[in-house]
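Structure first, then comments.
The values are calculated or read from the model by the stated rules, or taken from the named source; none is laboratory data. Source: prediction; values computed, not measured. Positions of Cβ are generated from backbone atoms using ideal geometry, with glycine treated the same way; all protein chains shown enter the neighbour counts. All accessible areas refer to the heavy atoms of the entire protein, side chains included, with ligands and DNA or RNA removed. Shrake-Rupley method; radii C 1.70, N 1.55, O 1.52, S 1.80 Å.
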Amino acid sequence: MNFAEKLLELRTRYGYSQEGLAEKLGVSRQAVSKWELGTTLPETDKVIAISNFFGVSTDYLLKKSARTNSMESLDRVILKFLSSAQDMENVSKELVAIMADGEIDESEQERMDMILNRLDDISNTIEDIKRRARIS
């Protein structure tokens, strides 16, 4: 399979429309369409983003003979999960520390904003794990 075929297969396997995948990658739907038709190839940063998003290697995406390694993907998912669990413990401790005195000052508000960003990252990781679990 070539890049276009692999991208189409991954997108449909994970249940994304071209528009949905484009939104996740920060590109237009037309760009995804051109990639899947094989009329253009994405820039290197987008190949890396696709690789990370679907949990496959760039070799798999770009080389005709490369295959997915399900154990490697499973290892990556497990590491992401464990990292997220550790982050949740740290976030909980930080929230308790911030709320200890019952008031939130400016520096604590900045910490809360950072925590919210970390929670978004954790949520995205969990969604990634759920998406992969549906396929396995």
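Here are some notes:
- Kirkwood estimate for the chain, i.e. one over the average of 1/r between Cα atoms, Å: 17.0
- Listed residues VAL91, VAL32, VAL56, most fluctuating in the chain (Gaussian network, C-alpha, under 10 Å): VAL91
- Here the sum of -39500 (n - 2.57) over DSSP H runs of 4 or more residues, divided by the residues of the chain, equals -25000 deg cm²/dmol at 222 nm, to the nearest 500.
- Once the 1.4 Å probe is applied to the protein heavy atoms, the chain comes out at 65 Å² accessible per residue.
- Within the chain, longest stretch clear of exposed GluC sites (Glu not before Pro) (DSSP loop, no more than 13 other Cβ within 10 Å): 44-102
- For the chain, the fraction of 1.4 Å probe accessible surface lying on carbon and sulfur atoms is 53 percent.
- Note on the chain: with a GNM built from Cα contacts shorter than 10 Å, the maximum mean-square fluctuation among SER17, SER107, SER28 falls on SER107.
- Karplus-derived 3J(HN,Hα), 6.51/-1.76/1.60, for each residue of the range 108-123, Hz, glycine and proline x: 5, 5, 5, 5, 4, 4, 5, 4, 4, 5, 5, 5, 4, 4, 5, 4
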